[in-house]
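Chemist: One structure, as structure tokens, below. Some questions next.
The values are calculated or read from the model by the stated rules, or taken from the named source; none is laboratory data. Keep in mind the model is a prediction, meaning the values are calculated, not measured. Cβ coordinates were reconstructed from backbone atoms using ideal geometry, including for glycine residues, and neighbour counts include every protein chain displayed. Accessible surface areas use protein heavy atoms only, side chains included; no ligands, DNA or RNA. Shrake-Rupley method; radii C 1.70, N 1.55, O 1.52, S 1.80 Å.
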Amino acid sequence: MSDPIILFFIFGFLASLFKSDLKLPPQIYDLLSIVLLLTIGMKGGVELAKQPFITLVPQLFMVLLIGFILPLLLFPILKYLGKFNRDDAASIAAHYGSVSVGTFAVAIAYMNSMDIEFEEYVSVFVVILEIPAIIVGILLARGISKDMPWGKIGHEIFLGKGVVLLIGGLIIGWIAGPDGVTKIKPLFFDLFSGVLALFLLEMGLITARQLGSLRSYGPFLVLFGVITPVCLSLAGIVVGLLLGLSVGGASILGTLTASASYIAVPAAMRISVPGANPTLSLSASLGVTFPFNVLVGIPLYYLIAKQLSTIL
């Protein structure tokens, strides 16, 4: 718990909890998000430049498959056990089938702070896991109909800020290679931890604001927000180890499958499933799952991956 990055999140959470007027200007938060997404993308692209892309195809295909399967597994649990209507169940399932870039960034910082080796190209998995859950969530809620605004939906899925920045950074890193990114290393790579700390400060402020919604919607979302990431992490860890990833790489894949989106999916659901209540999804993903993963989940997933690596 002495990691200053995590302490920034706790600081922001407590400041908001005690009604402080502390907040980051929206422009600063946007800038931090842009730097984080570009840096994550570039790190993955640089690593891709070091090896033949064809060797990664089996891993990328399996990760893509996970992205389609997870929301399908969660939807009946939310609809029949959680008693949510179809739109809300589909929306929450899509949030948890997708990923949290913020959680991924914290996982990378944790691995680096603990000197745990992992495959840098796992950044590609973030891009791959962003999209399938959104598509599945829309189909679960609405099916396929002629009146669906597919143009707007497609634009939000494939040209949303998060996806564009990740893919853009990935391509830049891939083309430039390890030597090419040296010129911009001081801004993006060297300042990554500091930028992440400020980002988590804002996330702590936002997370505390979700507590009121959690009190309103009952204990199911709290239990779902804690139990679901642990269960989903197992899927990512097992698949990662079977695909030949290191313990660190499998831990990060497990963290990705355990995380829940609070940026890309809400925007897409707002357009394609307007009947869904966004407060439900954000209360669970941002109010419960994000802090759980940041404070407890990431070290836990590493320990699980370490134990399973001796069996698989």
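Chemist: Considering all alpha-carbon pairs of region 174-225, what whole percent are spaced by more than 16 angstrom?
Modeler: In whole percent, the long-distance tail amounts to 63.
Chemist: Got a sec to turn the phi values of region 289-306 into Karplus ³J(HN,Hα) couplings, 6.51 cos²θ - 1.76 cosθ + 1.60 with θ = phi - 60°, whole Hz, x for Gly and Pro?
Modeler: The phi angles translate into 5, 4, x, 4, 5, 5, 8, 10, x, 4, x, 5, 5, 5, 5, 5, 4, 5 Hz.
Chemist: Same structure, new question: If you wrap a convex hull around the alpha carbons of region 189-312, what volume per residue comes out, as a whole number of Å³?
Modeler: Value for region 189-312: 130 Å³ per residue.
Chemist: Here is a follow-up. Within the chain, what whole-number % of the accessible surface is contributed by carbon and sulfur, with the 1.4 Å probe and all protein chains included in the calculation?
Modeler: Ligands and nucleic acids excluded, carbon and sulfur reach 70 percent.
Chemist: Once the mean 1/r over all distinct Cα pairs of the chain is inverted, what Kirkwood radius in angstroms do you read off?
Modeler: When all Cα pairs of the chain are included, the Kirkwood radius is 19.5 Å.
Chemist: Let me ask something else. Which whole-Hz ³J(HN,Hα) couplings does region 8-22 yield from phi under the Karplus relation 6.51 cos²θ - 1.76 cosθ + 1.60, θ = phi - 60°, glycine and proline marked x?
Modeler: 5, 5, 4, 4, x, 4, 5, 4, 6, 4, 9, 6, 5, 8, 5
Chemist: If you take the square roots of the eigenvalues of the alpha-carbon gyration tensor of region 60-105 and sort them as a ≥ b ≥ c, do you get rounded (a/c under 1.5), prolate (a/b over b/c) or oblate?
Modeler: oblate
Chemist: Something else: For region 128-194, just say rounded, prolate or oblate: build the C-alpha gyration tensor, square-root its eigenvalues into a ≥ b ≥ c, call rounded for a/c under 1.5, and beyond that prolate if a/b exceeds b/c, oblate if not.
Modeler: prolate
Chemist: Apply the a/c threshold of 1.5 to the C-alpha gyration tensor of region 21-62 and tell me whether it is rounded, prolate or oblate.
Modeler: prolate
Chemist: Ignoring ligands, DNA and RNA, what accessible area per residue does region 192-312 give at 1.4 Å, in Å²?
Modeler: Normalised by residue count, the accessible surface of region 192-312 is 34 Å².
Chemist: Given the Cα-Cα distance of MET114 and ILE28 and 0.36 nm per residue of separation, how much length would full extension add, in nm?
Modeler: Value of the extension gain: 28.1 nm.
Chemist: Taking 1 over the mean of 1/r across every pair of different Cα atoms in region 258-312, what Kirkwood radius in Å do you get?
Modeler: Over region 258-312, the inverse of the mean reciprocal pair distance is 13.0 Å.
Chemist: Additional query: Given a 1.4 angstrom probe, what's the average accessible area per residue across region 1-160, in square angstrom?
Modeler: Solvent-accessible surface per residue comes out at 47 Å².
Chemist: Shifting gears a bit: Can you pull the semi-axes for region 56-195, root of five times each eigenvalue of the Cα gyration tensor, sorted largest first, whole Å?
Modeler: 33, 18, 13
Chemist: Below 24 Å Cα-Cα, how many Lys pairs turn up in the chain? Only count pairs eight or more apart in sequence, or on different chains, if you could.
Modeler: Counting lysine pairs in the chain gives 8.
Chemist: Then there is this: Mind telling me which of SER100, SER123, SER20 comes out most flexible in a GNM of the chain, alpha-carbon contacts under 10 Å?
Modeler: SER20
Chemist: Say each of SER20 and LYS50 gets a label point 7 Å from the Cα, pointing the same way as Cα to Cβ; how far apart are those two points in nm?
Modeler: Each label point lies 7 Å from its Cα, and together they span 3.9 nm.
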